[in-house]
Amino acid sequence: MFSCYLKMERRQTIRNGAESKTPRYKVTAQAGYFKPLQSITNAKNEIVMFYQRNDKCNPNSTAETRLQCKDSINFSSVYLENLKIGETLIGHGEPPQTKELKNGKKGSKPNLFFENRADGYLFIMSPDLNTIEILVVPQGRQLIRGYAAKLADGQLNEALEQIRQAAKSKSA
């Protein structure tokens, strides 16, 4: 059902004595495999992402937010459609679809997620946004909204618990 699971916890960056305005998340547990993750791992062997409100990035998008990773690569837009488990938010998204990504004034760079563009993502976010879990659904892009609804309805609870139990902690 899921090929990869990531649990990310908020770890704010402190610069000049002040907390960064953009929420920063570090992967603290992982299960399974998703090849593009190798390309976004930093020098400390960590996966770090930034949670950005989309109105600041792309006011024309229907997504509320997006997750960016190393080198400002857009991991995914996050679509929230009032799906919840209790107070926990359920969202969905997908890898970037183009063969190349814009790289500001430098032109473009290869999309490291291109081979996985048919995959879909499910996001489980705590109400305070201190924890974000990502589930990769292989070949699930076209049906990801349905998977999000199934997750909210409890139909994927068994698969979710299995992958959570299989997750290995990463240094915090």
- Message: 5 Å is the cut-off here: which amide hydrogens, built 1.01 Å from N in the peptide plane, fall below it relative to residue 83, excluding neighbours closer than 5 in sequence?
- Response: 90
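Round to a whole number: what % of the accessible area of the chain belongs to carbon and sulfur, probe 1.4 Å? List each step's numbers first, then the result.
Numbers: 4460 of 9790 Å².
Exposed carbon and sulfur together represent 46 percent of the surface.
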- Message: With every protein chain left in place and a probe of 1.4 Å, what is the accessible surface of residue 1, to the nearest 10 Å²?
- Response: 110 Å²
- Considering amide H positions built from the backbone, and no H for Pro or chain starts, which residues 5 or more places from residue 28, or on another chain, come under 5 Å of its amide H? 7, 8, 9
- Query: Quick one: Karplus J couplings for region 31-42, per residue in order, coefficients 6.51, -1.76, 1.60, θ = phi - 60°, nearest Hz, x for Gly and Pro?
  - Reply: 9, x, 9, 8, 3, x, 4, 4, 7, 10, 7, 7
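Please report Rg over Rh for region 106-172, where both radii come from the alpha carbon positions and Rh follows the Kirkwood definition.
Numbers: Rg = 14.7 Å, Rh = 14.0 Å.
On the Cα set of region 106-172, Rg over Rh gives 1.05.
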- If you project the alpha carbons of the chain onto the principal axes, what extent comes out on each, in Å, largest first? 45, 38, 30
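Let me know the charge dipole size of the chain about its Cα centre in debye, to the nearest 20, where only the beta-carbon of Lys, Arg (+1) and Asp, Glu (-1) is charged. List each step's numbers first, then the result.
Values: 26 positive and 17 negative charges, 167 e Å.
The calculated dipole for the chain is roughly 800 debye.
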- Per-residue [θ]222 nm for the chain (sum of -39500 (n - 2.57) over DSSP H runs n ≥ 4, rounded to 500): -3500 deg cm²/dmol
- Item | Rounded accessible area per residue of the chain, 1.4 Å, Å² | 57 Å²
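The values are calculated or read from the model by the stated rules, or taken from the named source; none is laboratory data. Because the structure is predicted, anything quoted here is derived from the model rather than measured. Backbone-built Cβ (ideal geometry, glycine too); neighbour counts: all protein chains shown. These area figures cover heavy atoms from the full protein model, side chains too; ligands, DNA and RNA do not enter into them. Shrake-Rupley method; radii C 1.70, N 1.55, O 1.52, S 1.80 Å.
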